[in-house]
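The values are calculated or read from the model by the stated rules, or taken from the named source; none is laboratory data. What you see is a predicted model; the values in this text were computed from it and never measured. Virtual Cβ from ideal backbone geometry, glycine too; neighbours counted across all protein chains shown.
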Amino acid sequence: MPYMKNKNRKPRSGEHYESLLKAYEREPSITNYVRLRRAYGAHGIIGKFLDFDPLAIEAELKSFGIDPLLVVRALDDDENERDESIDELAFRMMECLVERNKLEEEGHTHVQSRRIAISDSLVDFLIVAMLETFDGIGDTALSILIRERLCGQNPDYYKDLLVFRQRRKALALAAVRFPAGKISIRKIAKLMNVEPSTVSRWFPAGDFQKQVDEFRKSIDAFRLRGEAAGGLEEG
């Protein structure tokens, strides 16, 4: 029976509803979405899947001439700021695709996998992320279908975001709990309840201590700015 004609949907409560909802949250596949929606109607209760921070792929965006702050504005909740930025970002991605086509016509190979030119996966991911910002689209079947077809439920760029967040958490924890001196990955792993090898994978360049020191400096600089501002107010 088509969803819109299903007049026997159950109220959104109870163990069965919670079970289906949690199943979708764990694995936001179209199979789990269809089960939830057919039984209870899912419109308006499914949150954004791509809560994306462009800083997670800052270097890659910049390599293609895309300003990460432009992506931030394109994913903003402010409609006036967002809509203009979406148009600008979409146009810049089109320019990148034109540049890629030119490279391929000149005989260059593997330009996407070598990240010489923008990849289809990045373009598709950003399209989905931008679509999800629109009211009335972000939690509909259309949005979920587009996501499934363009980038899937767990695209690589979303995985990059999760690693980025864990890496930032590890750095913040190390800088706050150990404000000076050398800190081992093993200690941070214990505090985060993960294996040391997991933390090591978050820092593939082997520069964990260097990044901790830089994070400490940023905290000190922020603290000094706050103290200076406080002194000006008192004066």
| note | Checking Leu126, Leu171, Leu162 in turn, the sole residue that is assigned by TED's automatic domain parsing to the domain that holds Glu58 and either among the hydroxyl-bearing types (Ser, Thr, Tyr) or in a helix (DSSP H, G or I) (or both) turns out to be Leu126
| Residue check, Pro11 part of a loop (DSSP other than H, G, I, E, B) and at pLDDT below 80 | yes
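Each row is one residue, and each column tells you yes or no for (1) under 30 Å from Tyr40 (Cβ atoms); (2) modelled with pLDDT of 95 or more; (3) of a type outside the set (A, V, I, L, M, F, W, C).
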site	(1), (2), (3)
Arg92	no, yes, yes
Lys102	no, yes, yes
Leu122	no, yes, no
Ile127	yes, no, no
Ile146	yes, no, no
| task | Looking only at the stretch 77-111, count how many residues are surrounded by 15 or more Cβ atoms within 10 Å (Cβ to Cβ), outside any helix (DSSP H, G or I) and in contact (Cβ under 8 Å) with a residue 12 or more places away in the chain. | result | 0
| Those residues of the stretch 113-126 which are surrounded by fewer than 16 Cβ atoms within 10 Å (Cβ to Cβ) and either closer than 18 Å to Leu150 by Cα or within 21 Å of the chain's Cα centre (by Cα) (or both), in sequence order | Ser113, Arg115, Asp120, Ser121
| If Pro204 passes every condition in (1) closer than 16 Å to Ala56 by Cα; (2) in contact with a helix residue (DSSP H, G or I) (Cβ under 8 Å, 6 or more places away or on another chain) but one, which one does it miss? | (2)
